[in-house]
Amino acid sequence: MKAFDYTRAKRVDDAIAALADPNTRCLAGGTNLLDLMKGYVEQPTRLVDITHLPLRDIEALPDGSLRIGALVSNTDLANDRNVRERYPLLAQALVSGASPQLRNMASVGGNLLQRTRCHYFTDVGFDACNKRKPGSGCAAREGPNRIHAILGASDQCIAVHPSDMCVALAALDAVVEAQSRSGTRRIPMRDFHRLPGTTPERDTELRRDELIVAVTLPPSRFADHSRYLKVRDRASYEFALVSVAAALEMDRDHVRDARIALGGVAHKPWRALRAEQALVGHALDDAALAAAGSAATEGARPYRDNAFKVSLAQRAVMRALREAASA
Ligand SMILES: Cc1cc2nc3c(=O)[nH]c(=O)nc-3n(C[C@H](O)[C@H](O)[C@H](O)COP(=O)(O)OP(=O)(O)OC[C@H]3O[C@@H](n4cnc5c(N)ncnc54)[C@H](O)[C@@H]3O)c2cc1C
Ligand code: SF4
């Protein structure tokens, strides 16, 4: 690990002031950042410890929304009564991630900004990685790429976003609140993470000088019918090969409204808008499920080792919807 300076922020403004230096990073739970620093993937010259900032509240707001502080741990969020009762999809996604010890440390802000698990990105022994070293190439395109993207990738990068929490937040239309010296910005979850395009080094639309202070969930409409389904190589302590966050508003056996987001398939949580539209107004029968499954993977472009993800994603969408409807 490269040597770095350490400071502890006592106030939000202190952290924001520290972020004016582009070589400074926030230290929250440290479960991703410190690993990347040990591997020389990230080499900040300064860490500002934000763990003492007052960003650990979960507030039910009068308009029915829920505001979650950026430092709320994944464990506390999953166990929160409001989350369990009003947003069970989010609670399910959170507990499917990592291990209890990691979830105790992992924060909401850090989870949003965790980086890809592409092996070539996390191992500096590989030279060609446009995300880590812009312009160097993409080793994953020709190398083993079983875990990589099938949707929205570019010639420059085929990595996937690894988070479970973010897939549920995307389905639930969460909004990320970011603060900087120029004020507060609210970024809809759908726009927060980026597709790689020609600048895969940028994972999100967050600017370097911005601190995530909170995430807000709109009033819950999907508490009765939602399901987070995670498909992975082993039953726990493993990232998703494919995951699906499915949320339905039902009118008896007909779908009044639907939200579907996929994880493990793209550089960002993938909202399957066409699949959602295909369901509205229909009974959730086998034909509707099959239509939603194939709409969710429309435009899929698999690579050498990951064609299996296309049918896996389709089946996972169908199963998640079926289970959401009967929840
Ligand atoms: C072995 C292992 C297994 C895992 N399995 C899963 C899994 O199955 N599913 C899953 O979703 N995740 C998994 N994770 C990832 C884990 O969820 C993340 O490491 C964690 O959520 C990151 O949160 P953190 O608070 O520790 O972030 P940190 O490591 O402290 O920070 C991560 C990044 O976010 C920045 N940052 C943090 N907070 C803020 C803020 N408020 N504003 C601006 N920047 C900020 C940091 O500067 C850094 O760049 C796993 C991790 C490990 C090590
Ligand atoms: S997929 Fe992206 S992260 Fe992985 S090697 Fe290619 S450029 Fe790097």
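List of remarks:
- Those residues of segment 17-35 which are part of a helix (DSSP H, G or I) and surrounded by fewer than 19 Cβ atoms within 10 Å (Cβ to Cβ), in sequence order: Ala17, Leu34, Asp35
- Any chance Val124 is more than 20 Å from Ala149 (Cα to Cα), touching a Phe, Trp or Tyr at 6+ places or on another chain (Cβ under 8 Å) and at pLDDT 95 or above: yes
- Just one residue in the set Cys166, Cys129, Cys157 is at pLDDT 95 or above and away from ligand 2 (no atom under 11 Å from the Cβ); that residue is Cys166.
- Residue that is farthest from Leu262 (Cα to Cα) [pool: residues in segment 230-245 that are within 17 Å of the chain's Cα centre (by Cα) and among the hydroxyl-bearing types (Ser, Thr, Tyr)]: Tyr237
- Filtered residues of segment 98-117 (kept if away from ligand 2 (no atom under 16 Å from the Cβ) and in a loop (DSSP other than H, G, I, E, B)): Ala98, Ser99, Ala106
- The strands (runs of 3 or more DSSP E) found wholly in segment 226-327 and carrying at least 1 residues that are acidic (Asp, Glu) occupy 242-251, 254-263.
- One residue stands out among those in segment 114-143 that are crowded, with 22+ Cβ neighbours inside 10 Å and of a type in the set (A, V, I, L, M, F, W, C): the one that is farthest from ligand 1 (Cβ to nearest atom), which is Cys138.
- Subset of segment 205-223 (residues that are touching a residue at least 60 places away in the same chain (Cβ under 8 Å) and more than 16 Å from the chain's Cα centre (by Cα)): Arg208, Asp209, Glu210, Leu211, Val213, Pro218, Pro219, Ser220, Phe222, Ala223
- Within segment 1-26, residues that are under 20 Å from Met37 (Cα atoms) sit with their Cβ atoms under 6 Å from residues that are of a type in the set (Ser, Thr, Tyr) and surrounded by fewer than 15 Cβ atoms within 10 Å (Cβ to Cβ), at 6+ positions apart or across chains, in these pairs: Phe4/Thr45; Asn23/Thr45.
- Filter result for Ala91 (out of contact with any Phe, Trp or Tyr (no Cβ under 8 Å at 6 or more places or on another chain), of a type in the set (Gly, Ala, Ser), free of Cβ contacts under 8 Å to residues at least 24 places away in the same chain and farther than 30 Å from Arg304 by Cα): yes
- Which numbered condition Thr198 fails, given (1) more than 16 Å from ligand 2 (Cβ to nearest atom); (2) farther than 26 Å from Tyr87 by Cα; (3) out of contact with any helix residue (DSSP H, G or I) (no Cβ under 8 Å at 6 or more places or on another chain): (1)
- Filtered residue count, segment 167-194, keeping only those that are within 13 Å of ligand 1 (Cβ to nearest atom) and closer than 11 Å to Val215 by Cα: 5
- When segment 1-16 is filtered for residues that are surrounded by 14 or more Cβ atoms within 10 Å (Cβ to Cβ) and not acidic (Asp, Glu), the ones remaining, listed by number, are Phe4, Thr7, Arg8, Ala9, Val12, Ala15, Ile16.
- Unique match (being touching an Asp or Glu at 6+ places or on another chain (Cβ under 8 Å) and part of a loop (DSSP other than H, G, I, E, B)) among Arg221, Arg185: Arg221
- Lone qualifier among Ala3, Ala28, Ala60, Ala15 - being away from ligand 2 (no atom under 16 Å from the Cβ) and within 20 Å of the chain's Cα centre (by Cα): Ala28
- No other residue among Arg190, Arg146 is surrounded by fewer than 19 Cβ atoms within 10 Å (Cβ to Cβ), closer than 25 Å to Arg301 by Cα and within 16 Å of ligand 2 (Cβ to nearest atom) apart from Arg146.
- Qualifying residue in segment 77-96 (condition: modelled with pLDDT of 95 or more, part of a loop (DSSP other than H, G, I, E, B) and farther than 30 Å from Ala140 by Cβ): yes
- Matching residues in segment 150-177 - criterion: being outside any loop (DSSP other than H, G, I, E, B) and surrounded by fewer than 24 Cβ atoms within 10 Å (Cβ to Cβ): Val175, Glu177
The values are calculated or read from the model by the stated rules, or taken from the named source; none is laboratory data. Everything numeric in this text was worked out from a predicted model, so none of it was measured. Cβ: placed from backbone, ideal geometry, glycine included. Neighbour counts: every protein chain shown.
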